[in-house]
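Heads up, the thing below is written out as structure tokens.
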Amino acid sequence: MDITIIAETQGDNLHPVTNQLVGAATSLGASPTILCAGGAGADTAAGIAGVGKVLSVIGDCFSTFDGGAWAAAFDAAAGTGVIIGAASAQGRDVAARIAARRGIPVVQDVVAISQGLTMTHPIYSGKAMQEVTVGDDCVVTLRSNTFPPAGDGGNAESATVQQSGDVKIAVQEAIAKASARLDVSDADIIISGGRGMGSPDNFEHLYALSDKLGAAVGASRAAVDTWDEIPHSMQVGQTGKTVNPSLYIAVGISGAIQHLAGMRTSKYIVAINKDPEAPIFKVADYGIVSTWEEALPILGDEIAKIL
Amino acid sequence: MVYEALDFYDLDSQLTDEEIMVRDMVRDWVEDEVLPKIEKACSDGVFPDEWRVALGEMGVLGAPLEGYGCPGLSYVAYGVICRELERGDSGLRSFASVQGSLAMYPIWDFGSEEQKNKYLPKMATGDLIGCFGLTEPDYGSNPGDMITKAEDKGDHYLLNGAKMWITNGTNSDLAVVWAKLDGVIRGFIVETGDEGYSAPEMTGKHSLKASVTSELVFQDCKIPKDRILPGVEGLKGPFSCLNNARYGISWGVIGAAQACFNSAREYSLSRIQFDHPIAAYQLVQNKLAWMLREITKGQLLALELGRKKDNGSWIPEHISLAKMNNVDIALQIAREARDIHGANGILDEYCIMRHMANLESVKTYEGTHDIHNLIIGRHITGIQSFTRSI
Amino acid sequence: MVEIAVLLKQVPDTNAKIVVVNGRVDESAIASWVTSPYDEYAFEAALQHIEAAGGSITAITLGPARADKVLKDAAALGVTKLVRIWQDDWQDLDSNQVQAALANAVTAAGVDLVYCGKQSADRNQGSTGPGIAEILGAACVSEVSESDSAGSYLRPTASGSERVTVSSPAVVTFTKTQNELRRPNVRGIMMAKRAQIEVVGGDVSASQVNFNGHSSPAQKPPGKTYEGSESVPEVVGLLRDEAKVL
Ligand SMILES: Cc1cc2nc3c(=O)[nH]c(=O)nc-3n(C[C@H](O)[C@H](O)[C@H](O)COP(=O)(O)OP(=O)(O)OC[C@H]3O[C@@H](n4cnc5c(N)ncnc54)[C@H](O)[C@@H]3O)c2cc1C
Ligand SMILES: Cc1cc2nc3c(=O)[nH]c(=O)nc-3n(C[C@H](O)[C@H](O)[C@H](O)COP(=O)(O)OP(=O)(O)OC[C@H]3O[C@@H](n4cnc5c(N)ncnc54)[C@H](O)[C@@H]3O)c2cc1C
């Protein structure tokens with residue numbers, strides 16, 4: 001099977017999800033060609049195990065992201081067969097456009113793929129899964145952290161092609177990552193602190209972690225009531241906000257029903273509490289019996305390793 | 001938590017598209033703007049002015065009236081609006097009932113063309129607020145014996161007397177006041193600022209705290225001749241208004257009952273005593289089942305009455321039955337819900353105690369529970385038993 | 001003056017329980033259908049855009065008769081041009097078919113801009129906006145969280161965000177914005193009652209996607225408690241590999 005991978009880049013570097021795309025491609029028995037936009041990350045890509053070829057696509061269009069222009073360039077550079085990208089904002093945009101250009105199917109956000117080509121992707125925000133089969137000419141984007149990454153140690157041949165497309169989007173202003181804190185109602189990951197944090201200053205540990213995860217910081221009512229520094233807008237629970245994130249991390253929160261009322265429908269709940277009897281452990285998918293002082297630094301390190 | 005209004009028989013599926021849209025509009029507004037602020041409004045004893053503005057903007061005031069800038073919705077839609085408002089608070093629904101059914105309606109039905117044009121469009125937008133003065137300190141259930149009187153002074157009327165328990169009184173721009181002119185009950189429009197008229201607020205209420213209740217005082221109050229409602233004489237005037245307001249109440253209190261049921265259900269599922277959620281115990285389930293049963297019956301009563309209002313086949317006794325029954329069950333449901341919530345039920349963190357206290361007023365105003373029994377009793381027997389010589 | 005087409009999709013209420021019966025999501029069990037939330041932000045952005053710049057909106061949906069509701073809701077906020085695309089023999093259209101049908105309606109509407117959600121709340125694919133842009137030969141700015149009537153859009157980048165402009169015609173897909181969604185009022189609702197919805201069919205080519213079935217997501221394992229901070233690495237591993245939330 002012919003598979004072309006569109007490398008996911010981060011500035012001039014390769015995003016680690018690219019290894020996962022290669023991992024999925026090799027599991028289908030392919031030795032994929034990787035396209036690198038503007039040559040970004042081409043050297044690293046050549047070192048991924050199992051890669052057949054790295055093609056740096058060089059063109060003016062790659063200085064700005066314009067899905068239309070990029071799709072035109074990649075379309076011209078890629079052979080027929082399966083095209084795989086990452087299910088990121090840019091990855092999906094380009095994937096949909098290449099499929100529309102070629103008149104071939106596109107399946108986004110795939111979490112399982114097998115010969116045939118049969119794929120599964122979540123629908124209804126993960127409340128159900130859909131399985132489809134498409135022919136060998138298609139575009140697919142894969143959800144990150146779902147497929148085992150290919151390792152290093154490859155030594156693929158590299159080449160360069162000139163391809164570009166019309167850029168119709170102009171960047172007026174680049175804005176560094178907003179330092180403004182996410183609101184708990186908008187976040188997909190929430191880290192909440194309770195009275196067990198001991199003092200409002202200790203919430204800094206939660207903020208540091210939330211920055212790494214792109215998470216919002218929430219609080220129990222005991223924390224909000226006790227410390228002026230913790231505003232009511234952070235309160236989760238019956239008299240605070242009802243949240244429904246993919247991951248809720250409760251730190252130093254006992255798990256009173258009024259707190260649970262606001263977060264029990266979270267997809268996954270992690271609790272860090274020093275008291276093994278704390279009711280929060282009854283709803284936690286992963287409970288860690290530990291003081292936060294011991295657990296949070298390790299949590300920070302481990303998360304830094306995988307993101 | 002997402003609010004799911006109890007609707008066991010899926011009766012809302014009988015609503016038209018536009019009735020559903022109106023429901024969702026009001027429900028969303030109550031959810032976003034009223035519920036977060038209602039406890040503060042109650043403890044401060046104020047009706048937030050922004051709610052007046054929002055009701056006007058949504059265009060729900062005087063819902064079933066047509067023309068003169070009024071919405072012209074069905075009576076069913078009006079009922080749905082009352083239900084969604086009262087799910088927030090009976091005080092909020094009271095504001096809308098008084099404005100629409102008690103102040104706008106008599107002008108719309110009995111007013112002169114000039115009066116309608118002058119007041120109704122601005123009342124529909126909430127720019128002018130009205131109140132309804134019938135009850136007096138000494139005459140509640142028997143308003144027919146009212147003392148407030150009007151005298152024809154040639155180029156003006158002179159009003160003397162006092163009204164009590166008047167919703168929106170202090171906040172209002174105009175009052176529809178019922179007074180006797182030559183022994184006959186007539187309606188008059190008194191404007192704030194009229195000479196000899198004042199509307200001091202009554203304080204100390206334990207119920208309907210977010211609603212303004214006032215006295216209306218007329219001391220040689222002079223009003224122009226064109227302020228009398230030309231179209232009606234006798235008790236028929238105030239009673240036609242009350243029919244509409246009572247109809248709205250029969251829907252409204254279902255909203256309060258739904259809110260109490262919802263809270264009781266949630267609470268009983270999450271409250272664990274003796275190792276299990278209290279919802280797992282038969283005594284609690286019995287209470288919940290009873291609430292569902294009564295709410296469902298009340299919903300049917302209100303919906304069918306709405307259809308009758310819309311097709312004109314209603315009689316006042318139909319309204320008495322629905323008002324009496326639905327307020328009664330809503331109040332009992334609030335009390336049972338309070339019980340299920342245990343100590344938490346008395347806190348202002350839950351809506352229960354507030355609805356319960358509110359519903360005590362609702363049971364009394366617009367004809368007390370027993371007065372409605374007497375109305376139905378008269379209908380059954382042909383014998384009035386409101387008064388008898390001892 | 002600007003002419004904007006807004007694409008509104010009707011989806012099950014995002015709080016609805018999704019049940020799979022005989023390998024298919026049971027749509028008949030869904031009590032409440034709503035406009036897909038990101039589409040609502042797109043719509044609000046369009047309303048603000050024409051308020052500031054003048055012009056008009058065409059609201060377009062693709063779906064069976066029940067989807068009229070999303071157009072009525074749009075009509076209640078003042079939109080008068082309402083188009084529903086459907087043919088009774090259509091079942092599950094694939095992404096290419098949806099794009100083709102919508103692109104036809106957009107072309108017929110003759111607009112400068114197409115505003116839609118970054119993805120629908122049911123299929124979660126995110127192919128529609130960019131796909132239509134490709135068919136129309138237009139640019140597409142994706143996942144916009146802020147827009148103004150001067151035609152500048154804020155979109156995410158790996159290192160933060162950037163404000164961009166785009167030459168029209170263009171497609172803009174919206175994520176959640178800071179805009180408060182407006183409520184209709186009774187006057188609008190009464191207008192919506194009279195609103196005319198144009199129903200159009202269309203030719204779509206055969207589907208290239210074989211639908212095999214729906215399934216419920218894997219049950220999550222029962223909760224587990226781990227002793228001591230030394231268990232943190234294991235838990236993080238599980239969050240990534242088992243829960244797949246990191
Ligand atoms: C009507 C009503 C409404 C309410 N609404 C809400 C609401 O919306 N939200 C809400 O949260 N609460 C609400 N509450 C309050 C609720 O009942 C609890 O009091 C509150 O959630 C407790 O907060 P907490 O878990 O932070 O504090 P605590 O219950 O005091 O728990 C602190 C926890 O921290 C742990 N701990 C202490 N030190 C450490 C350490 N160094 N490391 C790790 N763990 C440690 C302890 O073991 C303990 O379990 C409401 C209560 C009522 C009556
Ligand atoms: C918060 C609030 C707002 C109000 N808003 C307004 C308003 O906007 N405008 C307005 O005009 N009025 C308003 N009212 C007044 C309300 O309509 C009266 O309270 C009601 O009509 C009852 O009158 P009453 O309170 O004088 O009770 P009463 O008539 O004194 O009744 C007391 C008790 O005696 C019973 N009773 C009376 N007569 C009989 C009988 N014949 N047989 C058996 N039992 C009998 C009653 O059922 C009741 O249980 C409001 C009242 C409240 C509490």
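Counting the residues of region C:90-99 that are assigned to a helix (DSSP H, G or I) and facing another protein chain (nearest Cβ under 9 Å) gives 3. Look at (1) touching a helix residue (DSSP H, G or I) at 6+ places or on another chain (Cβ under 8 Å); (2) more than 27 Å from A:Phe74 (Cβ to Cβ); (3) away from chain B (no Cβ under 14 Å); (4) modelled with pLDDT of 90 or more and you find that C:Glu198 fails only one, number (1). The single condition from (1) surrounded by fewer than 17 Cβ atoms within 10 Å (Cβ to Cβ); (2) over 28 Å from B:Gln14 (Cβ atoms) that B:Arg293 fails is (2).
The rows are residues; the columns are (1) among the hydroxyl-bearing types (Ser, Thr, Tyr); (2) more than 10 Å from chain A (Cβ to nearest Cβ); (3) farther than 19 Å from C:Lys176 by Cβ.
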{"position": "C:Ala101", "(1), (2), (3)": "no, yes, yes"}
{"position": "C:Thr107", "(1), (2), (3)": "yes, yes, yes"}
{"position": "C:Ser120", "(1), (2), (3)": "yes, no, no"}
{"position": "C:Gln125", "(1), (2), (3)": "no, no, no"}
{"position": "C:Thr128", "(1), (2), (3)": "yes, no, no"}
{"position": "C:Ala133", "(1), (2), (3)": "no, no, yes"}
{"position": "C:Ser142", "(1), (2), (3)": "yes, no, no"}
{"position": "C:Asp148", "(1), (2), (3)": "no, yes, no"}
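Table: residues versus (1) farther than 30 Å from B:Tyr105 by Cα; (2) among the hydroxyl-bearing types (Ser, Thr, Tyr).
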{"residue": "B:Leu235", "(1), (2)": "no, no"}
{"residue": "B:Pro238", "(1), (2)": "no, no"}
{"residue": "B:Arg246", "(1), (2)": "no, no"}
{"residue": "B:Ser250", "(1), (2)": "no, yes"}
{"residue": "B:Gln258", "(1), (2)": "no, no"}
{"residue": "B:Ser270", "(1), (2)": "yes, yes"}
{"residue": "B:Tyr281", "(1), (2)": "yes, yes"}
{"residue": "B:Gly298", "(1), (2)": "no, no"}
{"residue": "B:Val327", "(1), (2)": "no, no"}
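Filter region B:50-76 down to the residues that are within 7 Å of chain C (Cβ to nearest Cβ) and surrounded by fewer than 19 Cβ atoms within 10 Å (Cβ to Cβ) and list them by number. Within region B:50-76, just B:Glu57 meets the criteria.
Per-residue answers, yes or no, for (1) farther than 21 Å from C:Thr175 by Cβ; (2) within 8 Å of ligand 1 (Cβ to nearest atom):
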{"residue": "A:Arg181", "(1), (2)": "no, no"}
{"residue": "A:Asp211", "(1), (2)": "no, no"}
{"residue": "A:Pro231", "(1), (2)": "yes, no"}
{"residue": "A:Ile249", "(1), (2)": "yes, no"}
{"residue": "A:Ser254", "(1), (2)": "yes, yes"}
{"residue": "A:Gln258", "(1), (2)": "yes, yes"}
{"residue": "A:Ala261", "(1), (2)": "yes, yes"}
{"residue": "A:Arg264", "(1), (2)": "yes, no"}
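For C:Leu154, the conditions (1) closer than 29 Å to A:Gln130 by Cα; (2) in a strand (DSSP E or B); (3) at pLDDT 95 or above are fulfilled apart from (1).
Residues satisfying the criterion are present in region B:263-272 (criterion: without any contact (Cβ under 8 Å) to a residue 60 or more places away in the chain and out of contact with any helix residue (DSSP H, G or I) (no Cβ under 7 Å at 6 or more places or on another chain)). Which residue, of A:Ile288, A:Ile303, is more than 16 Å from ligand 2 (Cβ to nearest atom) and in contact with a strand residue (DSSP E or B) (Cβ under 8 Å, 6 or more places away or on another chain)? Selected residue: A:Ile288, the only one of A:Ile288, A:Ile303 that is more than 16 Å from ligand 2 (Cβ to nearest atom) and in contact with a strand residue (DSSP E or B) (Cβ under 8 Å, 6 or more places away or on another chain).
Tell me, yes or no, whether region C:193-206 has at least one residue that is of a type in the set (Gly, Ala, Ser) and over 20 Å from C:Leu8 (Cα atoms). Yes, because at least one residue in region C:193-206 is of a type in the set (Gly, Ala, Ser) and over 20 Å from C:Leu8 (Cα atoms).
Look at region C:220-246: where a residue is at the interface with chain A (Cβ under 7 Å from one of its Cβ atoms) and a partner is polar (S, T, N, Q), sitting 6+ places away or on another chain with Cβ atoms under 6 Å, you get C:Gly228/A:Ser290; C:Ser229/A:Ser290; C:Arg240/A:Asn145; C:Val245/A:Ser246. Within region A:33-61, the set of residues being within 14 Å of A:Gly79 (Cβ to Cβ) and small (Gly, Ala, Ser) comprises A:Gly52 only.
Criterion first (within 21 Å of C:Lys9 (Cβ to Cβ), small (Gly, Ala, Ser) and within 21 Å of the chain's Cα centre (by Cα)) does C:Gly137 satisfy it? No: the conditions fail for C:Gly137.
Every test in (1) free of Cβ contacts under 8 Å to residues at least 40 places away in the same chain; (2) at the interface with chain C (Cβ under 10 Å from one of its Cβ atoms); (3) under 14 Å from A:Val236 (Cα atoms) is passed by A:Ile298 save one, and that test is (3). Restricted to region B:129-145, and to residues there that are over 17 Å from the mean Cα position of the chain (by Cα) and either assigned to a helix (DSSP H, G or I) or more than 10 Å from ligand 2 (Cβ to nearest atom) (or both), the residue that is nearest to the other protein chains (Cβ to nearest Cβ) is B:Pro143. Candidates are the residues of region B:342-390 that are aromatic (Phe, Trp, Tyr) and surrounded by 15 or more Cβ atoms within 10 Å (Cβ to Cβ); the one that is farthest from ligand 2 (Cβ to nearest atom) is B:Tyr350. Counting the residues of region C:1-30 that are facing chain A (nearest Cβ under 10 Å), of a type in the set (A, V, I, L, M) and not in a loop (DSSP other than H, G, I, E, B) gives 3. Filtered by the rule that a residue be part of a strand (DSSP E or B) and either within 23 Å of C:Glu40 (Cβ to Cβ) or more than 7 Å from every other protein chain (Cβ to nearest Cβ) (or both), region C:159-177 gives C:Ser161, C:Arg163, C:Val164, C:Val166, C:Ala170, C:Val171, C:Val172, C:Thr173, C:Phe174.
Condition check ((1) surrounded by 20 or more Cβ atoms within 10 Å (Cβ to Cβ); (2) away from ligand 1 (no atom under 16 Å from the Cβ); (3) within 19 Å of B:Leu61 (Cα to Cα)) across all residues:
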site	(1), (2), (3)
B:Lys122	no, yes, yes
B:Leu128	yes, yes, yes
B:Asn142	no, yes, no
B:Thr148	yes, yes, no
B:Asp155	no, yes, no
B:Leu181	no, yes, no
B:Gly193	no, yes, no
B:Gly204	no, yes, no
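Here the condition is being away from every other protein chain (no Cβ under 14 Å) and of a type outside the set (Gly, Ala, Ser); of A:Thr44, A:Thr9, A:Thr64, A:Thr18, it holds for A:Thr44 alone.
Would you check which residues across region B:188-217 are under 27 Å from B:Glu86 (Cβ atoms), among the aliphatic types (A, V, I, L, M) and either assigned to a strand (DSSP E or B) or at pLDDT below 95 (or both) and list them? Of everything in region B:188-217, just one residue is under 27 Å from B:Glu86 (Cβ atoms), among the aliphatic types (A, V, I, L, M) and either assigned to a strand (DSSP E or B) or at pLDDT below 95 (or both), namely B:Leu216.
Do we find a residue being surrounded by fewer than 18 Cβ atoms within 10 Å (Cβ to Cβ), assigned by TED's automatic domain parsing to the domain that holds A:Ile190 and under 22 Å from B:Leu347 (Cα atoms) anywhere in region A:276-284? No, the conditions are met nowhere in region A:276-284.
Selection of region A:125-147 for residues being more than 9 Å from chain C (Cβ to nearest Cβ), at pLDDT 90 or above and not in a strand (DSSP E or B) yields A:Asp136, A:Phe147. Taking the criterion of being within 11 Å of chain C (Cβ to nearest Cβ) and out of contact with any strand residue (DSSP E or B) (no Cβ under 7 Å at 6 or more places or on another chain), the residues of region A:67-115 that qualify are A:Ala69, A:Ala71, A:Ala72, A:Asp75, A:Ser88, A:Gln90, A:Arg97, A:Ala100, A:Arg101, A:Arg102, A:Gly103. When C:Ser205 is tested against the conditions (1) closer than 24 Å to C:Thr61 by Cβ; (2) at pLDDT 90 or above; (3) within 9 Å of another protein chain (Cβ to nearest Cβ), the lone failure is (2).
The values are calculated or read from the model by the stated rules, or taken from the named source; none is laboratory data. What you see is a predicted model; the values in this text were computed from it and never measured. Here the Cβ is made from the backbone with ideal geometry for all residues, glycine too, and neighbour counts use every protein chain on show.
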